[in-house]
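**Student:** One structure follows; several queries about it will come next.
The values are calculated or read from the model by the stated rules, or taken from the named source; none is laboratory data. Nothing here was measured: the structure is a model prediction, and the numbers come from that model. As a convention, Cβ positions derive from the backbone with ideal geometry for all residues, glycine included, and neighbour counts pool all protein chains shown. Keep in mind that these areas ignore ligands, DNA and RNA; they rest on the heavy atoms of the full protein, side chains included. Shrake-Rupley method; radii C 1.70, N 1.55, O 1.52, S 1.80 Å.
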Amino acid sequence: MHIMKICTINTFDIDCAVLSDSITMLAYLFESRWNMCGIVGYTGNKPACNILLEGLSRLEYRGYDSAGVAVQDEDSTNVVCRRGRVSELQASLNSLDIQGFCGIGHTRWATHGRPSEANAHPHTSCDGRISIVHNGIIENFGELRESLEGAGHHFRSDTDSEVVAHLIEDAYKKSLQREYGNKLLAFVDAVSEATSHLVGSYALAVMNDDFPSAIVATRRDSPLVVGMGETGAYVASDVIAMLDSTRNIQVLSDYQLALLTPSSITCFEQGSAGLNEIDVPITYIDWDIDLAEKTGYPDFMLKEIYEQPRVIRDTLAGRLVGNSVSIDELTLSPEELNLIDRVYVIACGTSYHAGLIAKNLIEGWARIPCEVEVASEFRYRNPIITPTTLVVAVSQSGETADTLAAIRDARVKGARVFGITNVVGSPVARESDGVIYTKANKEIAVASTKSFLGQVVSLTLLAMLLAQTRGKLTSAHIRQLYSELADTAEMVERILSDTTDIDKAAQACKDATSALFIGRGMGAAVAHEGALKLKEISYLHAESYAAGEMKHGPIALIDEGFPVIAIATNSPTYDKVLSNLQESRARGAMVVAIATEGDEDIKSHADYVIYIPHVRDALSPILASVPLQLFARSIALSRGCDVDQPRNLAKSVTVE
Ligand code: M6R
């Protein structure tokens, strides 16, 4: 067995990964974000419940429709599941006093079967002696279930996962009739045999009442790691769940199995003559656990908002070489860049809004036609793509299903695809011709904040590069723009240093039932992002419109006290926005304006003014979006919402 070391990761920035053995680790790193649920398991000499709960709370950001644990107690298993958060489960477990030393746990984002206690994992076999937790999707679960039901199995849930427990139950009965040197191998073999019937993806942790301190784990196309700690053995779908207890991790590959006991982890592969023991290398993980901690902030969202000045600095670092923008990762020669005659930015959600900002910059500076499309639309139509089309795919997670599908489609049609993502080694990074990493570091709050700013800065650099290569911006312009971009980091710090006006405006709007965000040009894109942030974390209905559209319909919404949030920063259309504000106020709107420091006039057009430092219009989204993040958060908290884990959402959307 050998150990490789992954050095301290500044987000999943693994530049310093030891290369020789890093391929499995890299695969794991992107895959570990590639599911919308979380698995954790432990067997050792400490009570399992607390360890499972701790692990689940670290994984919860990926999915939080329900949570559950199964804990071995002598020769039976206690299964406790709750709809909702890990905290609900914890409350129940506190009153139950479950003592076992071996258990598995799961946090779920519902795909098959609605969020409910019955559909929560762990699932058990008919006799209750096999318990499983599953990540992934069993595509042939319908036919498997039908045949299992035909053979007398009774199902308790609507999930695809439950078939696995029943298949293992049958396989185990059969394997008991065979000869094994070690009886535990019958259990491992049964798991292997059962999974051979599965079509789709799975990461599984399985317990069997016949072996009260053993867990069998296996996977295909869904990540799973195991690790030996001082007090026992761990399994998890993401290393983050076990970092407190062990940093010696083994990354399982597809079809490999691991047998965990309190004192050992043994890995196997199924060969033609049966199970073969194999050596899975141990990787030492030296990540900064702070990445997964709130480090004194009340929530991850606030922590991440306050990280934004650093994100700007890190994303810009090294991007100006001499007087030129340097994005070597683009892998296009200046000649090829010059030939580009159309740019598509494809993305979803907040990343799409970053794309809307980029459109203004790419067209304004580089004079290349640029279209921005939500990936779920782009992939199902027939966009005009030629070899001189550049497709820019923007995705924080780098694993959004629609964005990935759009990338694949664009490449088949001959486009060059450039990815902008936050996750090193993610599918978007791997499947693009080149990639910029946004250096936001791990983003845990479901609502994107710092990754958005990283995307906007990256896209601004891309627009500058395109413009410079095509001779539309001089070296002097580039140097000046870069310097102004760099200044925004300190300006964001200033915005964050005093949030009094933001909180006042939020208090005034918190009881509204609906709100309208408006802006023009860059401001329209910021308005869209502001409205998304508000609705996703506060559940307050919010619309966003290009302000010029007001008279074409949305103005009908306005009556006494209706909140209108306007991006009214200095811009070529500032006066037009003022007119829209007057029209809104004339109909009773309560206006909150995001305006430029020094603009006294705005006070006579707005009920609340939130000032941001002066920057050129092209860079204003970087500043103007920050107060809107805080505004949304403040309203959400006043309304008693969980800002890190809003209902119905998951951090990564890996299904269509
Ligand atoms: O990981 P991605 O950037 O591809 O995700 C896209 C959207 O799902 C994401 O931006 C989502 O809209 C966020 N919840 C917004 O805060």
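**Student:** Given (1) under 28 Å from A445 (Cβ atoms); (2) within 16 Å of the ligand (Cβ to nearest atom); (3) of a type outside the set (A, V, I, L, M, F, W, C), identify the lone condition not met by Y344.
**Tutor:** (1)
**Student:** Which of the following residues is within 17 Å of I39 (Cα to Cα), part of a loop (DSSP other than H, G, I, E, B) and among the aliphatic types (A, V, I, L, M): L243, L259, L204, L198? Can you show your working first?
**Tutor:** Details: L259 fails: part of a loop (DSSP other than H, G, I, E, B); L204 fails: part of a loop (DSSP other than H, G, I, E, B); L198 fails: within 17 Å of I39 (Cα to Cα).
When all the criteria are applied, what remains is L243.
**Student:** Any idea which of Q645, Q582 is at pLDDT below 95 and either closer than 23 Å to P309 by Cα or within 16 Å of the ligand (Cβ to nearest atom) (or both)?
**Tutor:** Values: Q582 fails: either closer than 23 Å to P309 by Cα or within 16 Å of the ligand (Cβ to nearest atom) (or both).
That would be Q645, the only listed residue that is at pLDDT below 95 and either closer than 23 Å to P309 by Cα or within 16 Å of the ligand (Cβ to nearest atom) (or both).
**Student:** Continuing with the same structure: Take D127 and tell me if it is open to solvent by 10 Å² or more (accessible area, probe 1.4 Å), touching a residue at least 40 places away in the same chain (Cβ under 8 Å) and either among the hydroxyl-bearing types (S, T, Y) or part of a loop (DSSP other than H, G, I, E, B) (or both). Don't jump to the end; show me each part of the working.
**Tutor:** Numbers: open to solvent by 10 Å² or more (accessible area, probe 1.4 Å): yes; touching a residue at least 40 places away in the same chain (Cβ under 8 Å): yes; either among the hydroxyl-bearing types (S, T, Y) or part of a loop (DSSP other than H, G, I, E, B) (or both): yes.
Yes: the conditions hold for D127.
**Student:** Determine which member of the set E443, E484, E493 is open to solvent by 10 Å² or more (accessible area, probe 1.4 Å), charged (D, E, K, R) and touching a Lys or Arg at 6+ places or on another chain (Cβ under 9 Å). Full working, then the answer.
**Tutor:** Values: E443 fails: open to solvent by 10 Å² or more (accessible area, probe 1.4 Å); E493 fails: touching a Lys or Arg at 6+ places or on another chain (Cβ under 9 Å).
Criteria check complete, one pass: E484.
**Student:** In addition: State whether the residues of region 450-471 include one that is within 28 Å of I565 (Cβ to Cβ) and at pLDDT below 95.
**Tutor:** We begin by selecting, within region 450-471, every residue within 28 Å of I565 (Cβ to Cβ); these are 450-460, 463.
Then drop every residue that is not at pLDDT below 95, which leaves none.
Checked against the condition, which is being within 28 Å of I565 (Cβ to Cβ) and at pLDDT below 95, region 450-471 yields no hits at all.
**Student:** Inspect all residues belonging to region 316-338 and state whether any of them is within 16 Å of the ligand (Cβ to nearest atom) and within 30 Å of I502 (Cβ to Cβ). Steps first, please.
**Tutor:** The first filter runs over region 316-338 and keeps only residues within 16 Å of the ligand (Cβ to nearest atom), leaving none.
No, region 316-338 has no match at all.
**Student:** A further question on this structure: Take the residues of region 572-591 that are touching a residue at least 12 places away in the same chain (Cβ under 8 Å) and either of a type in the set (D, E, K, R) or touching a Ser or Thr at 6+ places or on another chain (Cβ under 7 Å) (or both): which is nearest to A624 (Cα to Cα)? Lay out the reasoning, then the answer.
**Tutor:** Here is the first cut: in region 572-591, the residues touching a residue at least 12 places away in the same chain (Cβ under 8 Å) are 572-573, 576-578, 580-585, 587-591.
The next check asks that each one be either of a type in the set (D, E, K, R) or touching a Ser or Thr at 6+ places or on another chain (Cβ under 7 Å) (or both); those that pass are 576, 583, 585, 587, 591.
Working: K576: 18, E583: 22, R585: 22, R587: 26, V591: 16 Å.
Per the criteria, the residue is V591.
**Student:** Would you mind stating whether S625 is within 16 Å of the ligand (Cβ to nearest atom), in contact (Cβ under 8 Å) with a residue 12 or more places away in the chain and within 21 Å of A525 (Cα to Cα)? Before you say what the answer is, go through the steps one by one.
**Tutor:** On the way: within 16 Å of the ligand (Cβ to nearest atom): yes; in contact (Cβ under 8 Å) with a residue 12 or more places away in the chain: yes; within 21 Å of A525 (Cα to Cα): yes.
Judged against the criteria, S625 is a match.
**Student:** Further, regarding this structure: Run down N35, N78, N94 and say which single residue is modelled with pLDDT of 50 or more and part of a helix (DSSP H, G or I). If you could, list the steps in order and put the result at the bottom.
**Tutor:** On the way: N35 fails: part of a helix (DSSP H, G or I); N78 fails: part of a helix (DSSP H, G or I).
Going through N35, N78, N94 in turn, just one is modelled with pLDDT of 50 or more and part of a helix (DSSP H, G or I): N94.
**Student:** A further question follows. Which of (1) touching a Phe, Trp or Tyr at 6+ places or on another chain (Cβ under 7 Å); (2) modelled with pLDDT of 90 or more does G136 not meet, given it meets every other one?
**Tutor:** Here G136 meets the rest and fails (2).
**Student:** Applying the selection to region 202-238, what residues are touching a Gly at 6+ places or on another chain (Cβ under 8 Å), aliphatic (A, V, I, L, M) and either more than 17 Å from I132 (Cβ to Cβ) or open to solvent by 10 Å² or more (accessible area, probe 1.4 Å) (or both)?
**Tutor:** Once the filter is applied, which keeps residues that are touching a Gly at 6+ places or on another chain (Cβ under 8 Å), aliphatic (A, V, I, L, M) and either more than 17 Å from I132 (Cβ to Cβ) or open to solvent by 10 Å² or more (accessible area, probe 1.4 Å) (or both), region 202-238 yields only A233.
**Student:** Could I ask something else about it? Return the residues of region 93-108 that are open to solvent by less than 20 Å² (accessible area, probe 1.4 Å) and more than 15 Å from V133 (Cβ to Cβ); say none if nothing qualifies. Before the answer, list the steps.
**Tutor:** Going residue by residue through region 93-108, those that are open to solvent by less than 20 Å² (accessible area, probe 1.4 Å) are 93, 100, 102-108.
Result: L93, G100.
**Student:** Another question, if that's okay. Go through the residues of region 590-597 one by one and say whether even a single one is among the charged types (D, E, K, R) and closer than 21 Å to A354 by Cα. Explain how you work it out, then say what you get.
**Tutor:** To start, the set of residues in region 590-597 that are among the charged types (D, E, K, R) comprises 597.
Checking which are closer than 21 Å to A354 by Cα leaves us with none.
No, region 590-597 contains no residue that is among the charged types (D, E, K, R) and closer than 21 Å to A354 by Cα.
**Student:** Is it true that V615 is within 25 Å of L356 (Cβ to Cβ) and open to solvent by less than 20 Å² (accessible area, probe 1.4 Å)?
**Tutor:** Values: within 25 Å of L356 (Cβ to Cβ): yes; open to solvent by less than 20 Å² (accessible area, probe 1.4 Å): yes.
Considered against the rule, which asks whether it is within 25 Å of L356 (Cβ to Cβ) and open to solvent by less than 20 Å² (accessible area, probe 1.4 Å), V615 comes out as yes.
**Student:** Restricting attention to helices (runs of 4 or more DSSP H) lying wholly within region 374-470, give those where 3 or more residues are within 16 Å of the ligand (Cβ to nearest atom) and in contact with a strand residue (DSSP E or B) (Cβ under 6 Å, 6 or more places away or on another chain).
**Tutor:** Numbers: elements: 375-378, 401-412, 427-431, 450-469.
Where helices (runs of 4 or more DSSP H) fall fully within region 374-470 and carry at least 3 residues being within 16 Å of the ligand (Cβ to nearest atom) and in contact with a strand residue (DSSP E or B) (Cβ under 6 Å, 6 or more places away or on another chain), they are 401-412.
**Student:** Of all the residues that make up region 535-564, how many are in contact with a Ser or Thr (Cβ under 9 Å, 6 or more places away or on another chain) and closer than 16 Å to D607 by Cα?
**Tutor:** 4
**Student:** Please verify whether T111 is open to solvent by 50 Å² or more (accessible area, probe 1.4 Å), assigned to a loop (DSSP other than H, G, I, E, B) and closer than 24 Å to D254 by Cα, treating the condition exactly as stated. Walk me through it before giving the result.
**Tutor:** Values: open to solvent by 50 Å² or more (accessible area, probe 1.4 Å): yes; assigned to a loop (DSSP other than H, G, I, E, B): yes; closer than 24 Å to D254 by Cα: yes.
Criteria met by T111.
**Student:** Considering only region 363-412, how many residues are over 28 Å from the mean Cα position of the chain (by Cα) and among the hydrophobic types (A, V, I, L, M, F, W, C)?
**Tutor:** The qualifying residues number 5.
**Student:** Any idea which of (1) surrounded by 19 or more Cβ atoms within 10 Å (Cβ to Cβ); (2) within 29 Å of E399 (Cβ to Cβ) is the one L259 doesn't satisfy?
**Tutor:** (2) is the only condition that L259 fails.
**Student:** Also, I was wondering about something else. Which one of the conditions (1) farther than 16 Å from G41 by Cβ; (2) free of Cβ contacts under 8 Å to residues at least 60 places away in the same chain does I98 fail to meet, given that it meets all the rest?
**Tutor:** Of everything listed in (1) farther than 16 Å from G41 by Cβ; (2) free of Cβ contacts under 8 Å to residues at least 60 places away in the same chain, I98 misses just condition (1).
**Student:** I would also like to ask the following. Looking only at region 348-373, how many residues end up being in contact with a strand residue (DSSP E or B) (Cβ under 7 Å, 6 or more places away or on another chain) and either aliphatic (A, V, I, L, M) or within 14 Å of the ligand (Cβ to nearest atom) (or both)?
**Tutor:** So the first thing to find is which residues in region 348-373 are in contact with a strand residue (DSSP E or B) (Cβ under 7 Å, 6 or more places away or on another chain), and the list is 348, 351-352, 354-356, 358-359, 362-363, 368-373.
Next, only the ones that are either aliphatic (A, V, I, L, M) or within 14 Å of the ligand (Cβ to nearest atom) (or both) stay: 348, 351-352, 354-356, 358, 362, 368, 372-373.
Qualifying residue count for the region: 11.
**Student:** Another question about this same structure. Restricting the search to region 349-377, which residues are open to solvent by 40 Å² or more (accessible area, probe 1.4 Å) and within 28 Å of K651 (Cα to Cα)?
**Tutor:** Y352, K359, N360, E371, V374, S376, E377
**Student:** Return the pair list, or none, for Cβ contacts closer than 7 Å from residues in region 340-366 that are of a type in the set (F, W, Y) and part of a helix (DSSP H, G or I) to residues that are open to solvent by 10 Å² or more (accessible area, probe 1.4 Å) and more than 16 Å from the ligand (Cβ to nearest atom), at least 6 apart or on different chains.
**Tutor:** Going by the 7 Å Cβ cut-off, the qualifying pairs are W365/K472; W365/L473.
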